[in-house]
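Structure first, commentary second.
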Amino acid sequence: MTKGKIISWIKYEGDVLFKDEFVIVIESDKADMDVETFYDGILAVIIVGKEKI
């Protein structure tokens, strides 16, 4: 995938995250994909809203 758009955030600022947990949903020209985190932690700040990435 070279282009996509964030269509929804599954987690929000301040949420506790665990490895392999889904965080956002990205829409590309072929499919919607859930994107997971690689680390445990806390989602401190959402810098990019629903827009192209």
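The values are calculated or read from the model by the stated rules, or taken from the named source; none is laboratory data. Remember, it's a predicted structure, so these values are computed and weren't measured experimentally. A quick note on method: Cβ atoms are made from the backbone with ideal geometry, for glycine too, and the neighbour counts reach across all protein chains shown.
Worth a mention:
- Within the stretch 35-49, the set of residues being surrounded by 12 or more Cβ atoms within 10 Å (Cβ to Cβ) and either touching a residue at least 24 places away in the same chain (Cβ under 8 Å) or hydrophobic (A, V, I, L, M, F, W, C) (or both) comprises Val35, Gly41, Leu43, Ile46.
- Residue in the stretch 4-26 that is exposed (fewer than 10 other Cβ atoms within 10 Å of the Cβ) and either free of Cβ contacts under 8 Å to residues at least 24 places away in the same chain or in a strand (DSSP E or B) (or both) present: no
- Among the residues of the stretch 38-53, the ones that are in contact with a Leu (Cβ under 8 Å, 6 or more places away or on another chain), part of a loop (DSSP other than H, G, I, E, B) and either of a type outside the set (Ser, Thr, Tyr) or modelled with pLDDT under 95 (or both) come to 2 in all.
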